[in-house]
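Below: the structure, in structure tokens.
Coordinate-derived values only; no laboratory data. Quick caveat: nothing in here was measured; it's all calculated off a predicted structure. No Cβ is skipped: glycine too gets one built from the backbone with ideal geometry, and neighbour counts run over all protein chains shown.
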Amino acid sequence: MNGFLNILKPPGMSSAAVVAVVKHLTGEKRIGHAGTLDPEAAGVLPVMVGQATRLFDYLVDKEKTYVAECAFGQATDTQDAQGRITDEGETWPTLEQVRAAADALTGDIKQRPGIYSAVKQGGRPLYMLARKGREAEAPLRTVHIERIVLHGETENHGVLMTVDCGRGTYIRSLCEDIGRLCGCPAHMRFLLRTRSGAFTLDTAMTLEEVTTLRDDGTLAQRLLPMDWPLQHLPALQVPEGMTRMARSGAALPAQWIPGAMALTEGAPIRMITGDGFAGIAVRQEDQLRWRMVTAESQEPREKTSETKD
């Protein structure tokens, strides 16, 4: 089984636990996820199956979309509703004040993730240090917020919003920053990721659905193709006469493939043969050299027969 499963992760389950369940259901040892979701968050979690794990570095996961609820009146040590209250206030902001704070936090901003985050210090995630009572602080770093759309107020002094952002953005920290700008402590009460790169809710499946498909023997048919999230890469069609070379993983003469010499040297290229996606290559001067060749595109070995006297 080679491809992607777009899992709708439930709240209360870690991303690693989702990988463990998919590994059990598929029987495939090579399983990984792209883009960690907090245990209490729900939403899109791309899971790589089989050879798709080799495509991690080529995925676009910079574009993410979240639906979140920012709750005012309390700040917590985890920056979400599960943490210990560290500050309280009753200077409730108006929707206009929240909108002004959101506008101020749009674009390239400096953000400091909380201590209960996966950011590493000395090679260890901060949340592991925090759970052991050790002092730790994540460094300020630049993240990109494309837009924040407010949908209105919710019960108990909350605001529902949609955030389009780049990789590495912590929505929990964003909610705390909005509260700081509004002069009222705040935390994240709810989080749903609706998009991670090419993966959206439209193609997401629950683990229960994956289990049913496994039991029906149709799970492999529902895998998203290996090049499905790679459409952002330029593609080259391998001429029929060079298919055998491509399947063997041999370097291909770029000048013999239409459009190859015009592509940026060293940039990944999606290679296509008559059978479909063949792998990833890069152009090095006048040759296309493979970085990854799919098993489906590799030339099968010929069986030899032996006779005994």
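Taking amide H as placed 1.01 Å from N in the peptide plane, the amide H of Glu40 sits under 5 Å from that of Gly12, each at least 5 places away or on another chain. For the chain, just give the cysteines left without a disulfide-compatible partner, judged by no other Cys Cβ under 4.7 Å. By the Cβ distance rule, which asks for a partner under 4.7 Å, the isolated cysteines are Cys165, Cys182, Cys184.
Placing one equal scatterer on every Cα of the chain and applying the Debye formula, the log10 ratio I(q)/I(0) at q = 0.08, 0.12, 0.14 Å⁻¹ is -0.47, -0.90, -1.08. Using the Cβ-Cβ distance between Thr162 and Met242 with R0 set to 51 Å, the FRET efficiency works out to roughly 0.65. Pull out a ≥ b ≥ c, the square roots of the eigenvalues of the alpha-carbon gyration tensor of the stretch 233-297, then state rounded if a/c is under 1.5, prolate if not and a/b is larger than b/c, and oblate in the remaining case. Because a/c hits 1.5 or more and a/b exceeds b/c, the stretch 233-297 counts as prolate.
Between Asp87 and Val21, the contour length at 0.36 nm per residue exceeds the alpha carbon distance by 20.0 nm. Looking at the chain, how many pairs of lysines come closer than 26 Å at the Cα, when each pair is eight or more places apart or spans two chains? Within the chain, the lysine pair count is 13. Database remark: amide H of Arg291 closer than 5 angstrom to the amide H of Ile280, Ala281, Val282 (H placed geometrically; neighbours at sequence offset of 5 or more, or on other chains; Pro and chain starts carry no H).
Of the residues Met245, Met271, Ala81, the one whose Cα sits farthest toward the positive end of the charge dipole of the chain, with +1 on the Cβ of Lys and Arg and -1 on the Cβ of Asp and Glu, is Met245. Here the Karplus relation 6.51 cos²θ - 1.76 cosθ + 1.60, evaluated at θ = phi - 60°, turns the backbone of the stretch 222-227 into coupling constants of 9, 5, 6, x, 4, 9 Hz, with x for every Gly and Pro. Per-residue 3J(HN,Hα) values for the stretch 236-241, derived from phi via the Karplus relation 6.51 cos²θ - 1.76 cosθ + 1.60 with θ = phi - 60°, read 10, 8, 6, x, 4, x Hz in sequence order (x marks Gly and Pro). The relative contact order of the chain comes to 20 percent, based on Cα pairs under 8 Å that sit 6 or more residues apart. With a Förster radius of 22 Å, plug the Cβ-Cβ distance of Leu233 and Asp275 into 1/(1 + (r/R0)^6) and report the FRET value to the nearest 0.05. Computed FRET efficiency for Leu233 and Asp275: 0.75. Shown in residue order for the stretch 11-19 are the 3J(HN,Hα) couplings computed by the Karplus curve 6.51 cos²θ - 1.76 cosθ + 1.60 at θ = phi - 60°: x, x, 10, 6, 5, 5, 5, 4, 4 Hz (x for Gly and Pro).
Amide H to amide H distances under 5 Å link Arg195 with Val44, Thr65, where only residues 5 or more positions off or on other chains count and H is placed in the peptide plane.
Taking Cα centre as origin and charging only the Cβ of basic (Lys, Arg, +1) and acidic (Asp, Glu, -1) residues, the dipole magnitude of the stretch 233-297 rounds to 120 debye.
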